[in-house]
Structure formats: C-alpha cells, structure tokens
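The values are calculated or read from the model by the stated rules, or taken from the named source; none is laboratory data. In this text, all values refer to a predicted model and were calculated from it rather than measured experimentally. Reconstructed Cβ throughout: ideal geometry from the backbone, glycine too, with neighbour counts over all protein chains shown. Accessible surface areas use protein heavy atoms only, side chains included; no ligands, DNA or RNA. Shrake-Rupley method; radii C 1.70, N 1.55, O 1.52, S 1.80 Å.
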Amino acid sequence: MIDSPVAVSSALRRAASRIRIVCEVPDGGTVTAFAEKRLPVVDGGSVKGPYRVALTPYQRRWQDLIGDPSVSRIVLCWASQLGKTTVIRNGLSYRIKRMPSSILAVQPKIDRAETWAKEEIDVMVRAAPVLREIVGLDRARGGTLRFKPFPGGYLFIASAQSATELASRSTAFVAADEVDRYEVLVGEGNPLKIVEQRMAAQDVGLLLATSTPRDHESSLIWPALEEGSNERCHVPCPHCGVAQELEWGGLQEPFGVKWPNGRPDLAEYMCRICGRMIAEKHKTGMLAEHAWVVTNDEGKYPSSHLSALYSPFGMSRWGILAQQFVSAAHKPADLQVFMNTRLALTWKEGTHEVKSDDLAARATERLEECVVPDGVGVLTAGIDVQDNRIEMWVWGWGAGLESWPIAHHIITGDPTIRPGDAGSLWDEVERHRTMLYQHVSGQRVRVAMTMVDSGYSTTTVYRYTDRRKGRGVYACKGVGMPGQPLLGKPSLETQGRVVVYPVGDHNSKSEFLRSQILVKEPGPGFVHLPQWMTLELIDQLVSEKRVKRVQGGKVVHQWVPKQEGSPNEALDCRRYARAALEKLGNAIIQNLTKRAERWSVRVEVPDDGAPVAKPGEPPTNMVAEHVQDRAKAVQNRLPKKGFVTGWKRR
C-alpha cells in the first residue's frame, strides 16, 4: 500500500514516463528528425533554443549516418565553428534513446573531458526531457561527472591521455573528438588504435572521428579523410547556377575569396565558372541547395572535408576570414592557425629560421636606449644568469603586444655570491631593477614585473627573488615540453618557500619567432628595433630555428640553436620579460592602450634626486638611498600609538 505523498508522486512520475514511451509519436527515424523534435542547441554551457538543421544543412547527412547500423566508420575533417560538436551531441543522444549500448566519447585531455561533460552533456540532458528521464547524471542514479548510465548502456567520457580509460571497456560506439590533438602514449601507442581494438569485441560498432587538422606529418584526421570517400560540399552559384566547392583560392587564382585593395572586410566569393562576385547574403540560399560529392570512389567509409567558407555564423563571414588571413600573412604561427582552424587544411613546414641580416636592415628607429617612447603602457624585465655575468633586458609593451626594447644591462662577475655579501652582483641587479626610466613625455616610470631565470646559481636566484616577490620579482625556469603554456602555474621550491614560475619554451619562442618578429608594420605584435641594437644583439634575439624531429613515432617540432654554442641571452630575456607581462594579468594587458595614453601626457617633473637610467652609465648608490628615503617617509605617516589609530595601551 502506498501512503506516502512522496512515494505517490514518484510512482505517478514513473507511470507517466512509461505512458509517454508507449504512446510516443515516431520522429521520422533519422538522427536529424530526432534532434529537431527533441533536442536543444547547446553552446558554451547554455541552451540557445531548439535545434534546427536549416541553419546548418550540411550537418544532416553526417549525423544521419550515425544512426545507420550498416556504417562502421565516419570521418569529419572540418574547420572550427561548423558544428562538429553538435553532430556528435545529436548522434550520442539518438544512440542513447534509439540504439542503447556502451558509448565512449574521447577528448584530448582530462580537463577537456571534464569540461565537455559538464558544458555539453549535462546541459543537454537536463534541457531535453527525452534524455532527462533515462540518463543518470548524479550518484543517486549511478552517474558521475564522466560516467552516465542509461537503460541498455552507458556513456563514458574518456581522456586520450589515459590508456586505461581507453582500453578498460568494450565499446559499441566511439565518438573521438579533435583526434589531431591526441598524443602518442608512451609504451601504448596511438590512442585511436587502442579504441579500435576495444571495438573488436562488438558484433556491430561505429567509430566517429572528428578534428580540425594540424601538422601534415603527424595528422591523424587527414590520412583518415583520404582513405574514406573524401566528400566535398558543392553549392550552386546564384548567378550561373553551377554547383562547385568553395575554396580559398589565391591572388592568381580566378576563383575564391577576393577583396578590394586594403579592404578585406569587403570580401566576396568569385565563382570559378562565370567569374562573377557572390555576396555574403547569398550564402544561406546556397547552403540550402548543397550536395555532397564523392572524390574517392574507392573510399572504405564515408568521410568529408569542410572549411569555414561554408559557415553561416557571423564570425565566419568571408570578410572576417579575409581580415584574419591578412593579419596572419607572413607569420607562420598565425598562418598555421588560419590554415588549420579556418580552411581545415594541414600545415606543411620545413625548417623555420629568421635571418638576422634582414632584421638588421630594419633597425633604423631613432629611439634612445633607456628612454621610453610613446605607445608603451608598461615595462617588464627578463634576467638571464650566466657563470660570469648577469644580463637584464627591459621591454616596453603596448596595445596588441606591440613591443620595444628599452634597455640592455650586463653586470659581470660571480653570480653565486649571495645578495648583500661583498662583491655580489645582485646588489647591482637590484639597483638596475629599481631605476626610473625617462618617458619622452617627461614622466618617469618603473619596471612593473621581473622574471629571473633560475637555471644557473639556483640557490642565489631563489634568495634574491624570495625576498622581493612582494615587489614583482619572481624566479622562473624554462619548460621544454610542447603544449606548455607561456606562463604556467607556479610551484613552491625549497620546502615550499620560493615561488617559481614555469615558462613554456616552445610557446614563448613560437609566439616571438614565428609571429611577432615577422610583423612588417607598427601595430599589434610588431617588434620595434632601435638603432642602438647591434647586429650581435639581433643575432641573439633570433638565435634559434624550428626543426622537425621524430619522437616516439610522432613528428614533433623543436627549437634549436642555429649554431651550436651561439649566445641566446637576448632571446631568453625577451621570453622572460614576456612571461612577466603575462604575470601582470589580462587587466593590465587589455588596458595597455589607456595606460600608454596616460604615460604620453607631457609633464614637467622636478628633479627629486631619484636615479634615472641612462645608457652606458652604471647606477649609483643613489637608488638604495632613494628607496630608504621613501621607506622612511611611509614610516613617518604611520600611526604612532599602535596598529589602529586611537588605540590605547592598558
């Protein structure tokens, strides 16, 4: 007998659920029909309304194939922002409801797997009653963050970094997302092959592999695309009616994206048949009449390629794509991102090397050393420690990471002598660091943040930085593994006392040598080269080249010296100064324009005795004296009676 109101309510809900299932109106049988009737659009962890395939009609064929039991593999080599995740999400939902089985969704890394589970799967399940009734999200229904049970099966969201997660379950359906970001597992091999082996235990199975491509030599998605049907999306020209694939083209090609000189924002598409220009407004109608055309009749399975030229979304308009291309031109790092994420093409690159002679011809700016020019909004410093000297570079930063070398200091001697001891170089370093720098406006500005390399004389570096971390001075160390952020999370060394920041060698060098140093005109990313920089200093600044290596059966890129033993202190100090800027945070970086404007206000600064940096002149003890005077002034302003004004001792 049921007498509890809670029990009655629960029983009624279960009964209503069974009635809905029995009386359910068929939704057409395809994944697309199911999604249009029952699923929302999820973006960035929020629901954007019901799914409608009319906006992205190119998705229909590929998500419908997920529901076809005769298909064993599907490969999508698509650009970003075309809805690959939507196709995966719709296919998973259909399989959970209509074809329940064990399902494995694979993401490149564990943090991405957790984020994807929360922002894509959990949000979708809660927003779709057809899934909410059957999928267990919480522990009360047997679910966890990455394990979602349902009648007849489960969904597990795995990390491609874990061979255990990939191989621990026999799986009927695998959705492998962004496979070109999977890393070869030491002692285990290719994560995608591990997953395929686990599918061998199933009578019927499906592997869905999606990704934007990356390097040509190491890409997983590109060879998989070519082994399949390699289908291309053809759309009709609104003028001549002939269907064709949309391709980027080029300056000499009689088709593709074209724009008036200097106005990439006005880009349109030139038809390869009639030569007429197609405006962006025609794209929706063209997509509605699209057709997928097989280019490999001997393909073993369905596969397709799709670039961002087909995207109906505002941030992928042809004019915006043209602007992105112009911005990336002549900068390999940025151009690779454009080729990979917007055109869905692999990147082919040999040895990348910046010629110092070319840069030397550019070092014509009449900028005085130790003087801060207009455009700079903050100063940071990078310090490199050698066995017989310490080198310090001060860099100025403006909007869009435009940068200026401000000063280069060399302090010779033994860096292992502790700060404060007789003959210590660190006292001179401190005097340089606390110097005021004269701005062309007349203002005087200081270095805001300093990073000191701890690779040599580590103990002394720790002693110097630990006592100054409250003044923006931190120890750092280079981390050579690819994929490390420019500035990583700090660690605590020497029994948790000293804060040490990891600086990603690969990312920091790639940003500078494959992007910023190649910018031709002043503006975002441009590196100014003043006349005071000698050819030797410029050589140091671009002293390394990017080469290919094979590690663990996978092609990787590494930065190596152009010549063995050649000095690279200028490059290292630049990287540390850039890491120091990153430590200041986005609030400073995004506000550099306004900061530069404030610094550029012309003022008359009275001579207060504060030391000002000058090229070629060693600092004097006036720095220490000035700092002591300021400390005394602050001390004199403190309350005299206690730590709270007016507090009386009893």
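Peptides 114-121, 238-245, 408-415, ordered by how many other C-beta atoms sit within 10 Å of their residues on average, highest first, read 114-121, 408-415, 238-245.
Here the Kirkwood formula, the inverse mean of 1/r across different C-alpha pairs, assigns the stretch 261-333 a hydrodynamic radius of 14.6 Å.
For 520, 84, 489, the ranking by accessible surface with the largest value first comes to 489, 520, 84, using a 1.4 Å probe. Once the 1.4 Å probe is applied to the protein heavy atoms, the chain comes out at 47 Å² accessible per residue.
I need the Debye-formula profile for the stretch 164-254: one equal scatterer per C-alpha, no solvent, reported as log10 I(q)/I(0) at q = 0.14, 0.21 1/Å, two decimals. Computed log10 I(q)/I(0) values: -0.68, -1.11. Taking each residue as 0.36 nm, the span from residue 296 to residue 193 lengthens on full extension beyond its C-alpha to C-alpha distance by 34.7 nm. Binning all Cα-Cα separations of the chain at 20 Å, short to long from zero, yields these whole-percent fractions: 15, 39, 31, 13, 1. Building the convex hull from the alpha-carbon atoms of the stretch 448-512 and averaging its projection over directions returns 4.7 nm².
Surface composition of the stretch 403-473: carbon plus sulfur atoms contribute 47% of the solvent-accessible area (1.4 Å probe, protein chains only, all chains present). A Cβ-based charge dipole, computed about the Cα centre of the chain with Lys and Arg at +1 and Asp and Glu at -1, lands at about 2820 debye. Normalised by the number of residues in the chain, the mean separation of alpha-carbon contacts (under 8 Å, six or more apart) gives a relative contact order of 11 percent. Within the full protein context, the accessible area of residue 97 is estimated at about 40 Å² for a probe radius of 1.4 Å. Projected label points at residue 261 and residue 186, each 7 Å from Cα along the beta carbon direction, are separated by 5.7 nanometres. For the stretch 442-599, the share of DSSP beta bridges that are antiparallel, to the nearest 5, is 55%. A viscosity of 1.306 mPa s and a temperature of 10 °C, combined with the Kirkwood radius over Cα pairs in Stokes-Einstein, give a translational diffusion coefficient for the stretch 72-188 of 108 µm²/s. Computed over the alpha-carbon atoms, the stretch 138-186 gives an Rg to Rh ratio of 1.01, Rh here being the Kirkwood radius from the mean inverse distance. Across the stretch 215-285, C-alpha contacts under 8 Å between residues 6 or more apart give a mean separation that, scaled by the residue count, equals a relative contact order of 19 percent. Note on the stretch 289-373: along the principal axes its Cα atoms extend 64, 33, 17 Å, ordered by decreasing extent. Give me the aspartates and glutamates in straight-line cross-link reach of residue 300: C-alpha distance below 13 Å, same-chain residues under 8 apart excluded. Reachable aspartates and glutamates: 226, 227, 231.
When 305, 330 are compared by accessible area at a 1.4 angstrom probe, the order from most to least is 330, 305.
With the largest listed first and rounded to whole Å, the semi-axes of the equivalent ellipsoid of the stretch 481-578 from the Cα gyration tensor are 25, 20, 15. In a Debye calculation with equal point scatterers on the alpha-carbon sites of the stretch 267-426 and no solvent, what is log10 I(q)/I(0) at q = 0.13, 0.15 Å⁻¹? Evaluating at q = 0.13, 0.15 Å⁻¹ gives log10 I(q)/I(0) of -0.91, -1.05.
Multiplying the residue separation of residue 366 and residue 389 by 0.36 nm and removing their Cα-Cα distance gives an extension gain of 5.4 nm.
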